[in-house]
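A.B. asks: Following this message is one structure expressed as structure tokens.
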Amino acid sequence: MDEQRMIRVSKYLARHLRHDPGRIGLTLDAAGWVPVDDLLAAASAHGFPITPDELRQVVAANDKRRYALDDGRIRASQGHSVPVELGLPSVEPPAYLYHGTVGRFVAAIRREGLRPMGRHHVHLSPDRETAVRVGARRGVPVVLVVAAGDLHATGHRFLRSANNVWLTDHVPPTHLHLP
Ligand code: HQG
């Protein structure tokens, strides 16, 4: 499969496993899983056939391991806008985590802290390089440092997704180091 096809299939999965399963008649279970056979049938019925082999390749080769396969089912590891309870354990984070954003959001972030915006959680990266990549999706990246260890000590819950993205509900400005 060439890279362009890989990206198209991955985007199609993101759309239907995170945001809009109903568009192709799919229903995710409470934890976000759907049987692989149902997904492939629904995609095909809605004009976007994916072979089982392509699906396996996208799941395996995806740089971010966005999708997880388990017992004939598939789900997105994080990033949902539809309500799902991923059932991730709450974990103690490292002292610092990183958030990649762009300059135009910095004034609002300074005021309100980091908010989940369209997702269920604020997404944080374990290292600066990853945060640079996340920020660069929107323009010149700005990396904010989050005092995650201190925040956790004040009772904030942190979750870690299967693909090593850190998730939390809100980061107040007091726990952000801004450039
Ligand atoms: C910003 C990708 C104004 C925030 C990536 C970000 C990531 C605020 C944007 C994952 C704000 C939300 C998530 C506030 C936060 N005022 N703007 N108070 N608080 N923001 O896409 O973190 O490809 O929902 O800085 O790799 O950019 O989907 O979050 O710029 O892991 O697998 O609001 O998405 O992964 O944008 O990215 P997003 P994100 P996938």
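The values are calculated or read from the model by the stated rules, or taken from the named source; none is laboratory data. Worth saying up front: this structure is predicted, and the values here are computed from it rather than measured. Neighbour counts are summed over all protein chains in view; Cβ atoms, including those assigned to glycine, are modelled from backbone coordinates with ideal geometry.
A.B. asks: Note down all Cβ pairs under 8 Å where the first residue falls in the stretch 67-92 and is within 15 Å of A14 (Cα to Cα), the second is among the acidic types (D, E) and surrounded by 12 or more Cβ atoms within 10 Å (Cβ to Cβ), and they're at least six residues apart or on different chains.
C.D. replies: Final answer for the pair search is V82/D20.
A.B. asks: Further, regarding this structure: Pull up the stretch 1-27, narrow it to residues that are polar (S, T, N, Q) and in a helix (DSSP H, G or I), then point me to the one that is nearest to the ligand (Cβ to nearest atom). Full working, then the answer.
C.D. replies: Of all residues in the stretch 1-27, those polar (S, T, N, Q) come to 4, 10, 27.
Still in the running and in a helix (DSSP H, G or I): 4, 10.
Numbers: Q4: 17, S10: 9 Å.
Selected residue: S10.
A.B. asks: Based on what the data block shows, is A30 at pLDDT 95 or above and part of a loop (DSSP other than H, G, I, E, B)?
C.D. replies: Taking the combined requirement at face value, the residue satisfies it.
Yes or no, residue by residue, for (1) of a type outside the set (S, T, Y); (2) at pLDDT 95 or above; (3) farther than 30 Å from P179 by Cβ:
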| residue | (1), (2), (3) |
| --- | --- |
| V34 | yes, yes, yes |
| A45 | yes, yes, yes |
| P83 | yes, no, yes |
| L97 | yes, yes, no |
| H123 | yes, yes, no |
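A.B. asks: Are there any pairs with C-beta distances below 7 angstrom linking a residue in the stretch 96-114 that is farther than 16 Å from R137 by Cβ to a residue that is among the hydroxyl-bearing types (S, T, Y) and more than 6 Å from the ligand (Cβ to nearest atom), with the two at least 6 apart or on different chains, and if so which?
C.D. replies: L97/S125
A.B. asks: Where in the stretch 129-179 are the strands (runs of 3 or more DSSP E), entirely inside, with at least 1 residues that are over 26 Å from R65 (Cα atoms)?
C.D. replies: It comes to none.
A.B. asks: Being within 16 Å of the chain's Cα centre (by Cα), within 25 Å of R133 (Cβ to Cβ) and not acidic (D, E) narrows it down to one residue among R65, R110, R104; which is it?
C.D. replies: Result: R65 is the single residue among R65, R110, R104 that is within 16 Å of the chain's Cα centre (by Cα), within 25 Å of R133 (Cβ to Cβ) and not acidic (D, E).
A.B. asks: Mind listing whichever residues of the stretch 145-161 are touching a residue at least 60 places away in the same chain (Cβ under 8 Å) and crowded, with 16+ Cβ neighbours inside 10 Å?
C.D. replies: Correct list: H152, F158, L159, R160, S161.
A.B. asks: I need the full set of residues from the stretch 48-91 which are of a type in the set (D, E, K, R), part of a loop (DSSP other than H, G, I, E, B) and at negative phi, in order please.
C.D. replies: Result: D63, K64, R66, E85.
A.B. asks: Of all residues being in a helix (DSSP H, G or I) and not hydrophobic (A, V, I, L, M, F, W, C) in the stretch 96-117, which is nearest to the ligand (Cβ to nearest atom)? Just the residue, please.
C.D. replies: Ranking the qualifying residues of the stretch 96-117, first place goes to E112.
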